[in-house]
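Derivation of every value follows stated rules applied to the coordinates shown; laboratory data play no part. Quick caveat, the model's predicted, so the values are computed rather than measured. Neighbour counts run over all protein chains shown; Cβ positions are idealised from the backbone, glycine included.
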Amino acid sequence: MSEPLVRAVNVSKSFGHVEVLKGIDLEVDAGEVVCLLGPSGSGKTTFLRCINHLERIDGGRIWVDGDLIGLAERGGRLHRLPDKQIAEQRRDIGMVFQRFNLFPHMTALENVVEAPVKVRGEKRAAAEQRALALLERVGLGDRTGNYPSQLSGGQQQRVAIARALAMQPKLMLFDEPTSALDPELVGEVLAVMRELAADGTTMIVVTHEVAFAREVADQVVFMDAGVVVERGRPDDVLGNPKHERTRTFLARMRTGEQTTSAPPAAG
Amino acid sequence: MSTPAAPGERPGRIDAVEVRHPWRWVSVAVIAVLVLMLAHLLVTNPAFDWSFTLEAMNQSTVIRGFLIGTLLTTVLSMTVGILGGVLLAVLRLSENRVLSSVSWVFTWFFRGVPRYVLLGFTGSLGALFGTGLSIGVPFDFLFSSWFGTPELRAFTIGQQSVYDLLGSTIVGGIVGLGLSEAAYMAEIARAGILSVDRGQHEAAEALGMSRTLAMRRVVLPQAMRVIVPPTGNEVIAMLKDTSLLVAIPVTVELFYQLGQIGQQTYQVVATNMAAILYYLIATSILMVGQYFLERRFGRGFGTSTAARPAAAGVSLGAGGAK
């Protein structure tokens, strides 16, 4: 076995006195798609944000492609990395946010071109050519000159995916990419993600889309209250969950999917 | 005329009498009388010597005062103020307590001192540094006196008097107005930076941008939308505040020059009218410029485009209401 692309060991994180991650382990091989599921407040989004150091972890270690994230070992001691080196580590990790976070003062094309030119120092012409190809790939070849405010939520999220891909990352992180979308726009974003997965992109996806996880994921991780409750192949975790908490969550997701007037589950 | 619809007939187009507003016509009449009275005053009162007003406006000393003491000073003071203000705002938002305290103390001082008083002080800096200014090693004179060679200085270059350095008193004025303005611009820039959603910082940083690059390419351009309107007001206020340069005093300045003419000719109303006209012309031109600037930095937020989804994650910011 070769080294996994992402290796997280015993990751812990507190906000003040609240411990939101209590020893998370995760291994993701190159080309693998991992879906993190769990109720809100379970820590899955926080864990995702730790992988590219948007959150600083208190315990454990995270390696991405062999690089220890946010830390360096020198003279037998760990040192926190300065901002500049953290920025360098982030260049190879793409991230897609729940609320898109496109730059509203730039057109779709400018959004995608910005980081390759300003961060990687690529030539503008070459970066634009690749950006156009990426926007074409997410189905927005005709919207390159539009500002984010002129695009629908689903279109904005697809631009955001193209923007992250423009840095040619080794790993893509998705933080509930469809949660802020109107229901009829969810499909177009999931279609793009499905295509990425089929092309062998390594992806870690925090999502509530159980059907997407079942279809696309190689590994499903179910989290609750800061710990991993259950993990494995989607058919096992989603089809035949062993833990009560997983079963409750999946049952609640199913009722939520079928009727909008589902009563809140007890507990 | 339209009549109520007959039974069984569906009501059609409405052809109704609009509400009358008789008091509007009364107010129009009252205002018309007041305007006529004002016009009569302006034309017939001999104190408004209009030909003298125009003559005063045309004096070369006055025009020079307007170009240098008013316009150039406004441009240079606002440049100092805007650059200083953005720097102060970034320092103020820094995690480094020392830097944010420096910014706070600066703002505290320059906002607390009236501009007129401050200008009196910066205009007299020459007295403060009577022997001149030079670049060298700080406190080297202490070491020199310990070694018994009080005249010895380490690496000192360019000792010269403050008047040589500043060229004229107007530099003291620009320094005073600029530093005072920086304190106000700091608050405006800070509000602008804080109005940009945190998600924008995160998106920029997730792409591997350094904080400086994220600030310059992502945050500040969006903050400009909130910063520009109050800054336009600051420019207009600064243009008017150049008249405070009499505190130094700066002689190459519009209001000083017109005041001189007024004192010599006793035509004070006419020279004041000339000053008013100059300031109104300049501020009107600035307001046109402000309109175009606001349009430029409103890109991507236009009202002509489709309504922006609330979920787009960009807060419009409290400053937008200004």
>> Which of rounded, prolate or oblate describes chain A when judged by the alpha-carbon gyration tensor and an a/c cut-off of 1.5?
In response: oblate
>> If amide hydrogens are placed 1.01 Å from N in the peptide plane, which non-local residues have theirs closer than 5 Å to the one on B:D197?
In response: B:S315
> Going by a ≥ b ≥ c, the root eigenvalues of the Cα gyration tensor, does the protein assembly as shown fall in the rounded group (a/c under 1.5), the prolate group (a/b larger than b/c) or the oblate group?
Replying inline: oblate
>> Please report the antiparallel percentage of the DSSP beta bridges confined to the protein assembly as shown, to the nearest 5.
In response: 60 percent
> To the nearest Å, what is the center-to-center distance of the stretch B:198-247 and the stretch A:62-118, using C-alpha atoms only?
Replying inline: 25 Å
> Within straight cross-link reach of B:K240, meaning Cα distance under 21 Å, which lysines are found once same-chain residues fewer than 8 apart are removed?
Replying inline: B:K322
> Mean residue ellipticity at 222 nm from the helices of the protein assembly as shown, using -39,500 (n - 2.57) per DSSP H segment of n ≥ 4 over the full residue count, to the nearest 500 deg cm²/dmol?
Replying inline: -16000 deg cm²/dmol
>> Tell me the net charge near B:G69. Cut-off is 13 Å between Cβ atoms, B:G69 excluded, with +1 for each Lys or Arg and -1 for each Asp or Glu.
In response: 0
>> With θ taken as phi - 60° and the coefficients 6.51, -1.76 and 1.60, list the Karplus ³J(HN,Hα) couplings across the stretch B:214-228 in order, rounded to whole Hz; mark glycine and proline as x.
In response: 4, 4, 6, 8, 10, 7, 4, x, 6, 5, 4, 4, 8, 7, 4
> Residues with amide H under 5 Å of A:E230's amide H, sequence separation 5 or more or different chain, H placed in the peptide plane at 1.01 Å from N; which?
Replying inline: A:F222
>> Under the rule of at least 5 residues apart or a separate chain, name every residue whose amide H is placed under 5 Å from the amide H of A:M203.
In response: A:E32, A:V33, A:V34, A:M172
> Once phi is turned into θ = phi - 60°, what whole-Hz ³J(HN,Hα) does the Karplus curve with 6.51, -1.76 and 1.60 give for every residue of the stretch A:234-241, x standing for Gly and Pro?
Replying inline: x, 4, 6, 5, 8, x, 9, x
